[in-house]
Amino acid sequence: MNQPASVARPKPVRTPASEDVRLALRAATMYHLQGATQAEIAAKLGISRPTAGRLLARARSQGLVRVEIAVPAGVEGTVDTELEAKLEDRFGLSEVVVVPEANSESDEPDYDALGRRAAEVLVRRIQPSSTLGFTWGPETVSVASSLPDKAAKCSAVVQLDGSMTVTDYQTGVDFTIGRCAQQLQANPVRLNAPLYADPATVESMRNDSVISKALKSGSDSDIMVFGVGAVSTATTLFAGSFVDATMLDELEHLGAVGEIGGRFYTINGDPVEGRLPARTVSVSLEAVKSCDQTILVSGGTHKRQAVLGALRGGLANVLVTDVECGQWLLDAGATVE
């Protein structure tokens, strides 16, 4: 019995890879899997170093390379690099550190958790010749508490805002400046003045040689660390009797959403006018904005708009915050006007 003749299936047609694709694949393999440098790739393939760089860029842009980041098993849920990168891009920040463990069921974040991470950022960034300026508050107390012993060094530590008050309110400024000076082996520069006074007294203090020198040193700081305050009765300024309910009403009427060093600003980071600026003894918001490195440490629900205003106004280029605040800044906060 005759068997039916078998029909030969055509072999799939394969288009030979172009020389550019072959070289891009070879360069990507050497770079990502074998650890070769661009110079070594250039020497191996007989091309120039810029050409090696272009081949690697082409491999990425054409999808020839897929990169997978694996978070170690022991640290899942403690890092959120994707949210950090998005916040950096949204607000033009040089660095964002999101601290999942700082999330709290209360309005306040876990300041100890924020302080530990902010201290790590500060130690990385500060230089022996740097002057460090700080505003007083729970955030900076936590940063100071978390500074390791002599892990970094700077020239001076400067108080950026007055802290004296008529009440027995503990601002934490003495601890912060003493601890930072000790751990960073720095010279402490105190601002022995109230935060607010009548305009004539403020003008007189600004002409005082000691106070004016401290303010000048603070304004010229190379790196600043600060928290923000909200415009509400749930704030250190109100608790310490620095401002009263009447002043808070005036600030809200003027569009204030937050303050740094006792100086208030709007949702877009613009300084708020009114009666208070002439009564304030602290570095200006313009000095904060002009500082090369400004580290904002804050979070929690009731300070979200204050953080947003500071970021929109360019008053910080490094942010340390909790996940919930970071996500709000990225989502709802991006549309708040």
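The values are calculated or read from the model by the stated rules, or taken from the named source; none is laboratory data. No experiment lies behind these values; they were computed from the predicted model shown. When we count neighbours, we look across all protein chains shown, and the Cβ atoms used for this are built from the backbone with ideal geometry, even at glycine. To get the accessible areas, we keep the full protein, side chains included, count just its heavy atoms, and leave off ligands, DNA and RNA. Shrake-Rupley method; radii C 1.70, N 1.55, O 1.52, S 1.80 Å.
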inquiry  = Please count how many residues of the stretch 270-303 are part of a loop (DSSP other than H, G, I, E, B) and buried (at least 20 other Cβ atoms within 10 Å of the Cβ).
reply    = 8
inquiry  = Of the residues T167, T201, only one is at pLDDT below 95, among the β-branched types (V, I, T), part of a helix (DSSP H, G or I) and over 25 Å from V157 (Cβ atoms); which?
reply    = T201
inquiry  = Would you confirm, using the coordinates I've provided, whether E120 is of a type in the set (D, E) and buried (at least 19 other Cβ atoms within 10 Å of the Cβ)?
reply    = no
request  = Scan the stretch 304-331 for residues that are open to solvent by 20 Å² or more (accessible area, probe 1.4 Å) and either assigned to a loop (DSSP other than H, G, I, E, B) or in contact with a Pro (Cβ under 6 Å, 6 or more places away or on another chain) (or both) and jot them down.
outcome  = G314, N317, V323, D331
request  = With the condition kept exactly as written, say whether any residue in the stretch 146-163 is in a helix (DSSP H, G or I) and either surrounded by fewer than 22 Cβ atoms within 10 Å (Cβ to Cβ) or of a type in the set (K, R) (or both).
outcome  = yes
inquiry  = Cβ-Cβ distance below 7 Å, separation of 6 or more or different chains: which pairs start in the stretch 243-259 with a residue that is closer than 25 Å to V297 by Cα and open to solvent by 80 Å² or more (accessible area, probe 1.4 Å) and end on one that is β-branched (V, I, T) and in a loop (DSSP other than H, G, I, E, B)?
reply    = E252/V231
request  = Return yes when A85 is open to solvent by less than 60 Å² (accessible area, probe 1.4 Å) and of a type in the set (A, V, I, L, M) and no when it is not.
outcome  = yes
note = Within the stretch 206-232, residues open to solvent by 30 Å² or more (accessible area, probe 1.4 Å) and not in a loop (DSSP other than H, G, I, E, B) come out as R206, S209, V210, S212, K213, K216, S217, S219
request  = May I ask you to list the residues in the stretch 123-145 that are of a type outside the set (S, T, N, Q) and surrounded by fewer than 22 Cβ atoms within 10 Å (Cβ to Cβ)?
outcome  = V123, R124, R125, P128, P138
ask   = Among the candidates A17, A39, A70, A8, which residue alone is outside any loop (DSSP other than H, G, I, E, B) and either surrounded by 10 or more Cβ atoms within 10 Å (Cβ to Cβ) or at pLDDT below 85 (or both)?
value = A39
task = Considering only residues that are more than 14 Å from G227 (Cα to Cα) and in a strand (DSSP E or B), look in the stretch 103-145 and name the one that is farthest from the chain's Cα centre (by Cα).
result = T131
request  = Scan L308, L251 and give me the residue that is touching a Gly at 6+ places or on another chain (Cβ under 8 Å), modelled with pLDDT of 95 or more and among the aliphatic types (A, V, I, L, M).
outcome  = L308
Conditions (1) open to solvent by less than 20 Å² (accessible area, probe 1.4 Å); (2) more than 28 Å from the chain's Cα centre (by Cα); number of the one not met by E203 = (1)
